[in-house]
1. Could you tell me whether any residue of segment 136-153 is within 18 Å of the chain's Cα centre (by Cα), farther than 28 Å from E29 by Cα and β-branched (V, I, T)?
2. Here are some residues: E110, E88, E78. Which one is under 21 Å from I152 (Cβ atoms) and part of a loop (DSSP other than H, G, I, E, B)?
3. Examine segment 104-115 for a residue that is farther than 22 Å from E6 by Cα, in contact (Cβ under 8 Å) with a residue 12 or more places away in the chain and either charged (D, E, K, R) or surrounded by fewer than 19 Cβ atoms within 10 Å (Cβ to Cβ) (or both), and state whether such a residue exists.
4. Looking for something loosely packed, with under 14 Cβ neighbours inside 10 Å and in contact with a helix residue (DSSP H, G or I) (Cβ under 7 Å, 6 or more places away or on another chain) - is there at least one such residue anywhere in segment 126-136?
5. Looking at D85, D72 in this structure, which one is under 22 Å from W129 (Cα atoms) and either charged (D, E, K, R) or without any contact (Cβ under 8 Å) to a residue 40 or more places away in the chain (or both)?
6. Which count do you get for residues in segment 154-165 that are in contact with a Leu (Cβ under 6 Å, 6 or more places away or on another chain), within 23 Å of P28 (Cβ to Cβ) and crowded, with 20+ Cβ neighbours inside 10 Å?
7. Could you list, in sequence order, the residues of segment 18-31 that are charged (D, E, K, R) and surrounded by 14 or more Cβ atoms within 10 Å (Cβ to Cβ)?
8. Take the conditions hydroxyl-bearing (S, T, Y) and closer than 18 Å to L180 by Cβ and apply them to T90. Does it pass?
Amino acid sequence: MNAIIENPLAKLIGTWKGEMGVDIAPKPEVDENNPYYEILTIEPVDIEIENAEEQELLAVRYNQVIREKSNDKVSHSETGYWIWDKNENTIMNSFSIPRGVSVLAGGKIEINNNDLELSVSVEENDTKWGIIQSPFMLKKAKTLSFTRKFIISNNKLKYAQETVLDIYGKVFSHTDDNILYKI
């Protein structure tokens, strides 16, 4: 069996830096296009993870810090895990942001032309995955769905994500994408 199948998360481990981020964010009047840069640090979880004596998991933990290019202000901070269920070939992404939102999204791992693709999603009232939000966020900026796709090729990580929000009296597709390089 090829090493990428044995532990696909190993390709994620390291420090990644991206300078070409694009954030399309909702505002009450005119939506914003915010260029950003980021650092994504991913490290191994050095324990054997087993659930109910039959599910075997591999995991990496990460911290992502995004700063707006216009003012160097941190606009997003995220801490989470990428988790792989070896037996089911299911990828999970669990994370929290300090706005009172936590997500557990799931999907599949694919290998295309030596590129590793991780794709996860979750929707409101999903029967397998979940979105947990504070009462304030449920009332003022409710997350309706989330999707994220990572494509890793050698030392390059490209991602795109969409968070569909009910905010400011409208449903808004908040998108982020960037290309990062391992440093």
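The values are calculated or read from the model by the stated rules, or taken from the named source; none is laboratory data. Note that the structure is predicted; figures quoted are calculated from it, not measured. We place every Cβ from the backbone using ideal geometry, glycine too, and count neighbours over all the protein chains shown.
1. yes
2. Details: E110 fails: part of a loop (DSSP other than H, G, I, E, B); E78 fails: part of a loop (DSSP other than H, G, I, E, B).
Answer to the check: E88.
3. no
4. Initial filter on segment 126-136 (loosely packed, with under 14 Cβ neighbours inside 10 Å): 127-128, 132, 134-136.
Of the ones still in play, those that are also in contact with a helix residue (DSSP H, G or I) (Cβ under 7 Å, 6 or more places away or on another chain) are none.
Taking every residue of segment 126-136 in turn, none turns out to be loosely packed, with under 14 Cβ neighbours inside 10 Å and in contact with a helix residue (DSSP H, G or I) (Cβ under 7 Å, 6 or more places away or on another chain).
5. Values: D72 fails: under 22 Å from W129 (Cα atoms).
Sole residue among the options that is under 22 Å from W129 (Cα atoms) and either charged (D, E, K, R) or without any contact (Cβ under 8 Å) to a residue 40 or more places away in the chain (or both): D85.
6. Of the residues in that region, 0 qualify.
7. Residues of segment 18-31 that are charged (D, E, K, R), as a first pass: 19, 23, 27, 29, 31.
Within segment 18-31, D23, D31 meet the criteria.
8. On the way: hydroxyl-bearing (S, T, Y): yes; closer than 18 Å to L180 by Cβ: no.
In short, no.
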